[in-house]
């Protein structure tokens, strides 16, 4: 059997609007982010999920509740957190963004690397394989776990996923599909 995953990113945050890279800083949704999360419910109304997992950070939890509460069980999981930028959490994106591609294997000072995120996400995928075979799963989380899924499930390199990231190419969509076989 297989597990179908549809990946959603949390709505816009107050940090996003100020061009701040939150990392593990627990920022909330902006008014736009609330609106996006509510509107997503209508955009995906024909999709059916057995469960939705989300990062335990407020922006992902709030997005998840606004879109899925009362429709499908919601489980938060810290393995789905954004990359920990360490001393660069909640710092200007002009500083953090250029550092990201250099932190694939090297950790952010006092934080983690993208390989660390990949390890967390791989552990989460093993958990899904053991417990959710044949199910349709929604995930609401952040940039780093999504890029890690592309590396783990689509056989892409970190360099590829950074270059093709929808944020860079301005290609948001209401969910990205992944399969675990």
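The values are calculated or read from the model by the stated rules, or taken from the named source; none is laboratory data. Since the model is a prediction, treat every value here as computed from it, not as a measurement. Cβ: placed from backbone, ideal geometry, glycine included. Neighbour counts: every protein chain shown.
Note on the range 12-54: residues that are touching a helix residue (DSSP H, G or I) at 6+ places or on another chain (Cβ under 8 Å) and part of a loop (DSSP other than H, G, I, E, B) total 11.
Could you check how many residues of the range 78-115 are on the phi < 0 side of the Ramachandran plot and part of a helix (DSSP H, G or I)? If you could, list the steps in order and put the result at the bottom.
We begin by selecting, within the range 78-115, every residue on the phi < 0 side of the Ramachandran plot; these are 78-85, 87-89, 91-109, 111-115.
Restricting the remaining residues to those that are part of a helix (DSSP H, G or I) gives 78-80, 87-88, 93-100, 114-115.
Counting residues in the range 78-115 that are on the phi < 0 side of the Ramachandran plot and part of a helix (DSSP H, G or I) gives 15.
Report yes if some residue within the range 67-83 is over 21 Å from residue 10 (Cβ atoms) and surrounded by fewer than 20 Cβ atoms within 10 Å (Cβ to Cβ); otherwise report no. Taking every residue of the range 67-83 in turn, none turns out to be over 21 Å from residue 10 (Cβ atoms) and surrounded by fewer than 20 Cβ atoms within 10 Å (Cβ to Cβ). Would you confirm whether or not the range 39-47 contains a residue that is closer than 25 Å to residue 112 by Cβ and buried (at least 17 other Cβ atoms within 10 Å of the Cβ)? Scanning the range 39-47, I find no residue that is closer than 25 Å to residue 112 by Cβ and buried (at least 17 other Cβ atoms within 10 Å of the Cβ), so the answer is no. Taking the range 51-77 as the search range and keeping residues that are under 20 Å from residue 4 (Cβ atoms) and without any contact (Cβ under 8 Å) to a residue 60 or more places away in the chain, which one is nearest to the chain's Cα centre (by Cα)? Looking at the filtered set, the residue picked out is 77. The criterion of being touching a helix residue (DSSP H, G or I) at 6+ places or on another chain (Cβ under 6 Å), modelled with pLDDT of 95 or more and not in a helix (DSSP H, G or I) does not hold for residue 67. Residues that are in a helix (DSSP H, G or I), more than 14 Å from the chain's Cα centre (by Cα), without any contact (Cβ under 8 Å) to a residue 40 or more places away in the chain and loosely packed, with under 13 Cβ neighbours inside 10 Å are absent from the range 136-157 altogether. Answer yes or no: is there a residue in the range 119-134 that is exposed (fewer than 14 other Cβ atoms within 10 Å of the Cβ), assigned to a loop (DSSP other than H, G, I, E, B) and modelled with pLDDT under 95. Scanning the range 119-134 turns up no residue that is exposed (fewer than 14 other Cβ atoms within 10 Å of the Cβ), assigned to a loop (DSSP other than H, G, I, E, B) and modelled with pLDDT under 95. Of everything listed in (1) farther than 26 Å from residue 43 by Cβ; (2) in contact with a helix residue (DSSP H, G or I) (Cβ under 6 Å, 6 or more places away or on another chain), the single unmet condition for residue 97 is (2). Give the range 1-50 a look and list any residue that's over 20 Å from residue 92 (Cβ atoms), out of contact with any strand residue (DSSP E or B) (no Cβ under 9 Å at 6 or more places or on another chain) and touching a residue at least 60 places away in the same chain (Cβ under 8 Å), or say none. Of everything in the range 1-50, those that are over 20 Å from residue 92 (Cβ atoms), out of contact with any strand residue (DSSP E or B) (no Cβ under 9 Å at 6 or more places or on another chain) and touching a residue at least 60 places away in the same chain (Cβ under 8 Å) turn out to be 1, 43. Here residue 153 clears all of (1) over 17 Å from residue 7 (Cβ atoms); (2) touching a strand residue (DSSP E or B) at 6+ places or on another chain (Cβ under 6 Å) except the condition numbered (1).
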